Every structure is written in C-alpha cells, then in structure tokens.
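Have a look at the structure below before the remarks.
The numbers here are math on the coordinates, done by the rules we state, and not lab data. Because the structure is predicted, anything quoted here is derived from the model rather than measured. Using ideal geometry, Cβ is built from the backbone for each residue, glycine included, and neighbour counts are taken over all protein chains shown.
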Amino acid sequence: MNARSMKVKIVAKSSYTIFLDRASQLYEMMQVAQQKEYWAALGVNAVHCAIALNDAITVCHLGQRSAGEDHATAAELLYRVNIDGVEAQAKNYSRILAKKTAIEYEERDFRQADALDILKQVERFYQWGMAKLPE
C-alpha cells in the first residue's frame, strides 16, 4: 500500500497511553473469557486488544495511527516503526486481523481451538509490544 492511499491521523505521541490502557483492559478481559470458556468473547477481545496495542505503538513511535476503516492499513503503518522485531510482529498482527471477520460475523461457532490459537498470537504480540513502549 502506498503512503498516499493510507489514511492516518496525526496525534500527540503522549496520547499512546490511552490506547495502551485500552489494550491492557482488553487483554485482561481476554484472560477472563478464557477462564470462563467464553470462546467468542476471547476472540473479540483478543482482536481488539491487538488493534489498541498497535495504535499505542504507532502513536508512541510515529505520532500517527491508522484512520482508515480497513484495519489492514494499520499493519502497514506498524511496518514504519523502527524497532526490533517489527517485521515479524507486523505479520503476526496481520494474521490476527485476518480472523476478525470470522470471529465477529461468520455464521459458525468460534470454537476453543480457534480461541486458543488467536490467544497465543495476541499474547506474543502483546508481550512484544509492551516491551517496546515506555514504562
């Protein structure tokens, strides 16, 4: 995707904490959903946790976040952040986003195996992302 077609919003870098707080809350709810075996809730919280954390990372490092309706553009923005491991985690983030429609809109159950798979991906992304943000 070229830079001209990517919709971004310029924001103060200090506002990354808003998205970080959101990601942390969603991460915690993802854990609660796992304990209660609420697989669809786990999946929805996992995807939105990753989206919020991605926003925290790009805001903190670039002063920008994706403003497009297509969340895949947010992965493209993540590639622009100059931190260790960004390429692998941007790919991981894209895989997480690819599951969003299936979790939220498809007419099938989101099963335990599906939930545990996305949980693992989001936990990796979350641990990496948290390590790349100021304490």
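Some points to look at:
- Label-point separation in nm, residue 95 to residue 24, each point 7 Å along Cα→Cβ: 2.8
- Share of Cα-Cα pairs in the chain lying beyond 24 Å, as whole percent: 25
- Simple spin-label estimate for residue 72 and residue 88 gives 2.5 nm between the two label positions (7 Å along the Cα-to-Cβ direction from each Cα).
- The length gained on full extension between residue 117 and residue 131, counted as 0.36 nm times the residue separation minus their Cα-Cα distance, comes to 2.9 nm.
- Length-normalised contact order of the chain in % [C-alpha pairs under 8 Å, at least 6 apart]: 30
- Listed by number, the DSSP H helices of the chain that run 24 Å or longer by alpha-carbon position along their axis and have mean Kyte hydropathy of at least 0.5 are 39-62.
- Once the mean of 1/r is taken over each pair of separate Cα atoms and inverted, region 53-99 shows a Kirkwood hydrodynamic radius of 10.5 Å.
- Extension reserve of the residue 80-residue 36 stretch, reckoned as 0.36 nm per residue once the Cα distance is removed: 12.1 nm
- Working from Cα pairs under 8 Å separated by at least six residues, relative contact order for region 4-68 is 55 percent.
- In this structure the amide hydrogen of residue 8, modeled in the peptide plane, comes within under 5 Å of the amide hydrogens of 67, none closer than 5 places in sequence on its chain.
- Working from label points 7 Å from Cα in the Cα-to-Cβ sense, the residue 109 to residue 14 distance is 5.0 nm.
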